[in-house]
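**Q** Okay, here's the structure, questions in a sec.
The values are calculated or read from the model by the stated rules, or taken from the named source; none is laboratory data. Fair warning: this is a prediction, and the values are worked out from it, not measured in the lab. When we count neighbours, we look across all protein chains shown, and the Cβ atoms used for this are built from the backbone with ideal geometry, even at glycine. Surface areas here come from the heavy atoms of the whole protein model, side chains and all, with no ligands, DNA or RNA. Shrake-Rupley method; radii C 1.70, N 1.55, O 1.52, S 1.80 Å.
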Amino acid sequence: MRIYENELIAPYTTINLGGRARFFCICNNEDELKKSIEFAKGNNYSFKVISGGSNVVFPDDGYNGLIIQLSGEKISVIEDNDLYKIVEVWAGTKLDDFIKWSIENSLSGVECLSGIPGSIGATPIQNVGAYGQQIGEVIKSVIAYDVNNNSYINFNNDECKFGYRTSIFKKNYKNNLIITKIIIELSKRDIDNYSYKDLKEEIEKCNGYDNFNRKEKLNFIRNTIYKIRKRKSMIYDKSDPDSISCGSFFLNPHLNESEFKKFYKLAKEKNLDPPYLKDNSGYKISAAYLIENSGFHKGYIKNGAGISKKHSLALVNYGCDTKTLLKLAEEIRINVKNNFGITLDIEPDIINM
Ligand SMILES: Cc1cc2nc3c(=O)[nH]c(=O)nc-3n(C[C@H](O)[C@H](O)[C@H](O)COP(=O)(O)OP(=O)(O)OC[C@H]3O[C@@H](n4cnc5c(N)ncnc54)[C@H](O)[C@@H]3O)c2cc1C
């Protein structure tokens, strides 16, 4: 494992932002990870783990410490029967490579997450989800290295406290724990319970789908999701300027009854009829709707920071620095707050040093 000095961070992130890291290293396994932590601790440097860099924004003046990028790939089957396979996956493994492996083995449970950039190790943090699946639904347990006590902790699914784009790792343990392995149960049972509208429509349009075998169906789902994502520039591709982002920058707000009533009244006063989804936990509001009705639109650009032409939740680096991008994010939040009384929460990890 080599430790680089003064490495530019931006190229290691999908939004291509961030100055230089004082130290930077790539760890492909637990031994290398431990050595890198020893190096940082031994010299009193702060350290930060990243992987795909697809949900993180570093400051323009960089990071005065060690950035540890987890990489490499390891998938081991630890249980196999007629109904499911349980696998242990090294945190540095790319999520999309893992999904490809699952489908090659005719296993379901993660196919709808196809095309999401980043590593499997980061997925529990915000309970990565898309097109009706969330990683928390298939995780049996998460193994994490506690950097304060130099020991490993095993969290079972309940202990992870998965919710909409959140978990205990985001709420309670940020920067104290490094996720090293995830235990996942992939299914051999029936599929076909895809609920997401765009996906269902594509399945209905596909004549031969019912006669496909399991692997063909899973591949069809994966390819269809790739197509839908590509249309929205939600596949990270350096040659697609609208994908130079962190994906969604804002979370969809969840309101309780009284918050919802206030919000709805404000919206009605503006002659608006906002869409919402009511469930047991309250009301889910579309952040995209709030943004589009607060003076912003897809393709809005200011000083090189903008809103994707294809997706109003994605802030894009069209040629800006971190300060400018965060200024735009703040402007959007202020306008939404003034218009609807709602404070939008930011999804990516914004690093302050
Ligand atoms: C084009 C695009 C589309 C996207 N679409 C989606 C989507 O549909 N759904 C969705 O949920 N997300 C989406 N994302 C967001 C992002 O891909 C996910 O959050 C992903 O899980 C981040 O993984 P990463 O390896 O890139 O994490 P990084 O960006 O490297 O890190 C993100 C955070 O996790 C921490 N972290 C990373 N690895 C570890 C570890 N092993 N242990 C402890 N902490 C760690 C970092 O310190 C940082 O705080 C999208 C992003 C992009 C750019």
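**Q** Bin width 10 Å, alpha-carbon pairs only: give the P(r) of the stretch 3-70 as whole percents, running from 0 to the bin holding the largest distance.
**A** 24, 55, 21, 0
**Q** Computing the accessible area with a 1.4 Å probe over protein heavy atoms, can you report the carbon and sulfur percentage for the chain?
**A** 45 percent
**Q** Within the stretch 39-86, which trypsin sites (Lys or Arg not before Pro) sit in a loop by DSSP and count at most 16 neighbouring Cβ atoms inside 10 Å?
**A** Loop-located and lightly packed - Lys74.
**Q** Related question: Run the simple label-point estimate for Lys35 and Thr343 please: 7 Å along Cα→C-beta, distance reported in nm.
**A** 4.4 nm
**Q** Straight distance only, please: which lysines reach the Cα of Lys85 with their own Cα at less than 22 Å, same-chain residues fewer than 8 apart left out?
**A** Within reach: Lys74, Lys94, Lys100, Lys140, Lys181, Lys188, Lys215, Lys217.
**Q** Which translational diffusion coefficient, to the nearest whole µm²/s, is obtained for the stretch 241-350 from the Stokes-Einstein equation, given a Kirkwood hydrodynamic radius over C-alpha pairs, 25 °C and 0.890 mPa s?
**A** In µm²/s, the coefficient is 171.
**Q** Residues of the stretch 63-80 with amide nitrogen under 12 Å from the 7 Å Cα-to-Cβ point of Asn43?
**A** From the stretch 63-80, the list is 64-67.
**Q** Follow-up. Suppose we keep just the alpha-carbon trace of the stretch 75-231; what are its Rg and Dmax in angstrom?
**A** Over the stretch 75-231's Cα set, Rg and Dmax evaluate to 16.1, 57 Å.
**Q** 7 Å from Cα along Cα→Cβ at both Asn352 and Ser239: what's the point-to-point distance in nm?
**A** 4.1 nm
**Q** Along each of the three principal axes of the Cα atoms of the stretch 114-197, give the extent in whole Å, ordering the values from largest to smallest.
**A** Here the spans come out as 45, 22, 22 Å, largest first.
**Q** Pulled fully out, how much extra length does the chain show between Leu272 and Glu259, if you take 0.36 nm times their separation in residues and subtract their Cα-Cα distance?
**A** Fully extending the segment from Leu272 to Glu259 adds 3.0 nm.
**Q** Follow-up. Once every DSSP H run of n ≥ 4 in the chain is given -39500 (n - 2.57) and the sum is divided by its residues, what mean residue ellipticity at 222 nm do you get, rounded to the nearest 500 deg cm²/dmol?
**A** Helix contribution divided over all residues of the chain: -8000 deg cm²/dmol.
**Q** Compute, for the stretch 75-231, the length of the dipole vector about the Cα centre, with Cβ point charges of +1 (Lys, Arg) and -1 (Asp, Glu) only. Units Debye, rounded to 20.
**A** That gives the stretch 75-231 a dipole magnitude of about 640 debye.
**Q** Please compute P(r) over all alpha-carbon pairs of the chain, binned at 20 Å starting from zero, and give each bin as a whole-number percent.
**A** Per 20 Å bin, starting at zero, the Cα-Cα P(r) for the chain comes out as 28, 58, 14, 0 percent.
**Q** I would also like to ask the following. Residues of the stretch 228-267 with backbone nitrogen within less than 19 Å of a virtual label 7 Å along the Cα-to-Cβ line of Ile334, please, listed as ranges.
**A** 250
**Q** Could you tell me which residue out of Thr14, Tyr63, Gly53 lies farthest along the dipole of the stretch 3-70 toward its positive end? Charges go on the beta carbon: Lys and Arg +1, Asp and Glu -1, centred on the Cα centre.
**A** Checking the options against the dipole of the stretch 3-70, the answer is Tyr63.
**Q** With +1 on each Lys and Arg Cβ and -1 on each Asp and Glu Cβ, and nothing else charged, work out how big the dipole of the chain is about its Cα centre, in Debye to the nearest 20. Please list the in-between numbers first.
**A** Numbers: 48 positive and 45 negative charges, 186 e Å.
Here the size comes out at about 900 debye.
**Q** With r defined as the distance between the Cβ atoms of Arg189 and Ser76 and R0 fixed at 30 Å, what FRET efficiency is calculated, to the nearest 0.05?
**A** Result of the calculation: an efficiency of 0.85.
**Q** Let me ask you something else. Kindly state, to the nearest 0.05, the FRET efficiency for Tyr226 paired with Asn105, given R0 = 25 Å and r defined as their beta-carbon distance.
**A** It comes out at approximately 0.85.
**Q** Take Cys206 and Ser281, extend 7 Å from each Cα along the Cα→Cβ direction, and tell me the distance between the two endpoints in nm.
**A** Placing both labels 7 Å beyond Cα along the Cβ direction yields 3.0 nm.
**Q** How large is the dipole of the stretch 241-350 about the Cα centre if only Lys and Arg carry +1 and Asp and Glu carry -1, each at its Cβ, rounded to the nearest 20 debye?
**A** Taking the Cα centre of the stretch 241-350 as origin, the dipole is about 320 debye.
**Q** Would you mind classifying the stretch 136-184 by shape? Square roots of the alpha carbon gyration tensor eigenvalues, ordered a ≥ b ≥ c; an a/c under 1.5 is rounded, otherwise it is prolate if a/b is larger than b/c and oblate if not. Don't skip to the end; give the middle numbers.
**A** Numbers: a/c = 2.41, a/b = 1.36, b/c = 1.77.
Note, shape of the stretch 136-184 comes out oblate.
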